[in-house]
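The values are calculated or read from the model by the stated rules, or taken from the named source; none is laboratory data. As the structure is a computational prediction, the values presented were derived from the model and not from experiment. Cβ sites come from the backbone with ideal geometry, for glycine too, and all protein chains shown count toward neighbours. Calculation scope for accessible area: heavy atoms of the full protein, side chains included, ligands and nucleic acids excluded. Shrake-Rupley method; radii C 1.70, N 1.55, O 1.52, S 1.80 Å.
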Amino acid sequence: MGHREIVAEVTEHFYWLHRHPELSGEEFGTTEYLKHALAAHRIPVYPLSLPTGLVARVGQGDPVIAFRCDIDALPMQEESGLDYSSEYPGRMHACGHDFHAASLLGIAISLQHETALPGTVKLVFQPAEETLGGARKILETGILDDVQAIFGLHCCAAYPDGTVISRPGFMNGAVDEFRIAFLGRGAHACRPHIAADPIIMIGNFIQAAQTIVSRNVNPFHPLLVGISHIEAGTAKNIIPEKGFVEGTIRSLYPEDRKLAKERLGSLARSIAASFGGSAVVQITDGSPATDNTPEWVSLAEQVARKLEMPFVTAPDSLSGEDFAFYQQKIPGAFIQIGTGVGPMMHNPAFRADPDALGFAVQFGARLAQEALEKLKRVASC
């Protein structure tokens with residue numbers, strides 16, 4: 001089966017996936033569709049107890065590598081104007097997961113039909129990336145315990161079709177979320193002396209929280225403590241009993257991540273107490289920072305140049321990506337593929353150019369082949 005035929009097939013898969021987006025943990029139709037697409041090429045799927053998502057295989061024996069894509073969509077109304085737009089109101093593939101899934105189908109088909117593989121490639125069609133639960137569910141099955149290197153492909157709307165984007169070391173940040181309730185004592189606005197005003201607590205906390213970055217962390221370490229949601233009060237003449245703030249912590253270094261969470265809670269509680277109130281601190285751990293293994297990024301760059309695809313060093317970013325959970329256990333690289341310059345991801349007008357599928361399939365299949373050959377050489381030394 002030739003490359004052109006494969007790309008034509010996966011383009012049709014891309015259109016179907018884009019028209020039928022499903023939210024995190026609800027990717028039942030998507031999972032069945034992917035199983036049928038793989039079965040048509042006699043690509044086996046592992047019998048895992050996953051409600052959604054799947055892991056398939058091409059090749060056999062050692063060494064073993066893995067490619068991961070994500071398959072869930074976002075709760076957004078599509079405004080792209082595409083003739084294959086979402087058929088489900090309020091749901092859209094606004095982060096390119098349809099492109100990722102179609103690309104991995106193409107990589108699987110290409111490897112199954114055209115290449116004598118010197119090992120095994122496990123193909124991870126991961127659910128629930130947007131809610132950060134999917135990667136851990138895949139890892140909990142144990143299906144990746146023998147994997148020696150893992151690669152993740154993601155579209156990028158900041159570069160032309162076929163551009164390969166990655167970097168060694170940190171490429172995305174760790175993402176944590178916080179919600180802090182400030183509890184005080186309400187009163188009429190004309191009697192502030194009998195109140196414990198949570199608005200005063202929140203105001204002081206907002207100022208103090210900025211010192212976590214400016215006075216507690218190495219100034220050469222990227223760290224972000226952002227407060228983006230504040231609520232308190234119901235009327236202009238009432239001091240409320242409570243209020244809350246919500247925000248995000250973005251970091252690269254584990255020690256900074258730990259310190260920021262500890263300082264945030266300590267500041268909130270001490271400031272609330274100093275004004276006669278208290279604070280209830282809830283911090284939700286998200287994904288760690290993606291940390292690309294230099295040798296696998298180097299291989300990705302070599303493959304891109306062999307295929308005459310531009311390679312760009314990824315810019316600094318504190319965006320989150322749950323591919324990082326795999327990298328805590330398996331060396332590997334997170335790699336982006338340019339899908340045409342346009343509206344960015346998580347935008348209702350986002351679109352991934354289908355013409356970029358051919359580049360993604362060609363690059364991924366070649367990278368899989370060369371990664372296996374590299375591991376084979378190392379094992380024989």
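With the Cα gyration tensor of the stretch 167-222 giving a ≥ b ≥ c as the square roots of its eigenvalues, does the rule (a/c under 1.5 for rounded; else a/b larger than b/c for prolate; else oblate) give rounded, prolate or oblate?
Details: a/c = 5.97, a/b = 2.86, b/c = 2.09.
Prolate is the answer for the stretch 167-222, as a/c is 1.5 or above and a/b outweighs b/c.
Indicate the gyration tensor shape class of the stretch 1-136 (rounded, prolate or oblate), computed on the Cα atoms with a ≥ b ≥ c the square roots of the eigenvalues: a/c under 1.5 is rounded; otherwise a/b larger than b/c is prolate and the rest oblate.
Details: a/c = 2.36, a/b = 1.45, b/c = 1.63.
Note, shape of the stretch 1-136 comes out oblate.
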Take ILE206, ILE180 and sort them by solvent-accessible surface of the protein heavy atoms, 1.4 Å probe, largest at the top. ILE206, ILE180
Straight-line reach from LYS261: which aspartates and glutamates have Cα under 18 Å away, leaving out those fewer than 8 places along the same chain? ASP176, GLU177, GLU246, ASP285
In Å², nearest 10: area of TYR253 left accessible to a 1.4 Å probe: 70 Å²
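Write down the accessible area per residue of the stretch 1-134 in Å², having rolled a 1.4 Å probe over the full set of protein chains.
Details: 5060 Å² over 134 residues.
Normalised by residue count, the accessible surface of the stretch 1-134 is 38 Å².
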Projected onto the charge dipole of the stretch 1-103 (unit charges on the beta-carbon of Lys, Arg, Asp and Glu, signs +1, +1, -1, -1), the Cα from LEU34, GLY96, GLN60 with the largest positive-side position is that of GLN60
Rounded, prolate or oblate: which one fits the stretch 162-290, using the alpha carbon gyration tensor with axes a ≥ b ≥ c (rounded when a/c is under 1.5, else prolate when a/b beats b/c, else oblate)? prolate
Acute angle (nearest 10 degrees) that the helix 3-19 long axis makes with the longest principal axis of the chain, alpha-carbon atoms: 30 degrees
With +1 on each Lys and Arg Cβ and -1 on each Asp and Glu Cβ, and nothing else charged, work out how big the dipole of the chain is about its Cα centre, in Debye to the nearest 20. 1140 debye
Using only the alpha-carbon atoms, how far is helix 357-380 inclined from the longest principal axis of the chain? Give it as 0 to 90 degrees, nearest 10. 80 degrees
The stretch 67-137-the stretch 352-379 distance, computed between alpha-carbon centres (Å): 16 Å
A 1.4 Å probe over the protein heavy atoms gives the stretch 115-255 a carbon and sulfur accessible-area percentage of 54 percent
Under 20 Å Cα to Cα from LYS374, which lysines show up? Leave out anything in the same chain fewer than 8 places away. LYS122, LYS306, LYS329
The chain: angle of helix 254-274 to the longest principal axis, Cα-based, in degrees nearest 10: 20 degrees
Cα-only Rg/Rh for the stretch 225-327 with Kirkwood Rh rounds to 1.20
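Carbon and sulfur atoms: what percent of the 1.4 Å accessible area of the stretch 1-91 do they account for?
On the way: 2200 of 4300 Å².
About 51 percent, which is the carbon plus sulfur part of the accessible surface.
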Relative to the Cα centre, what is the charge dipole magnitude of the stretch 267-381, using +1 at the beta carbon of each Lys and Arg, -1 at the beta carbon of each Asp and Glu, and rounding to the nearest 20 debye? 220 debye
Rounded to the nearest 500, the 222 nm mean residue ellipticity computed for the chain from DSSP H runs (n ≥ 4, each -39500 (n - 2.57)) alone is -11000 deg cm²/dmol
Among (1) 65, 44, 39; (2) 80, 50, 39; (3) 79, 56, 45, which is the computed Cα extents along the principal axes in Å? (2)
Given a 1.4 Å probe and the protein chains all in place, what does the accessible area of LYS258 round to, in Å² to the nearest 10? 120 Å²
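For the stretch 28-96, run through the GluC sites (Glu not before Pro) and keep only the ones in DSSP coil with at most 14 other Cβ atoms within 10 Å of their Cβ. Intermediate results must be reported in sequence, preceding the final value.
Numbers: sites: GLU32, GLU78, GLU79, GLU87; in loops: GLU78, GLU79, GLU87.
Within the stretch 28-96, the qualifying GluC sites (Glu not before Pro) (loop, at most 14 other Cβ atoms within 10 Å) are GLU79, GLU87.
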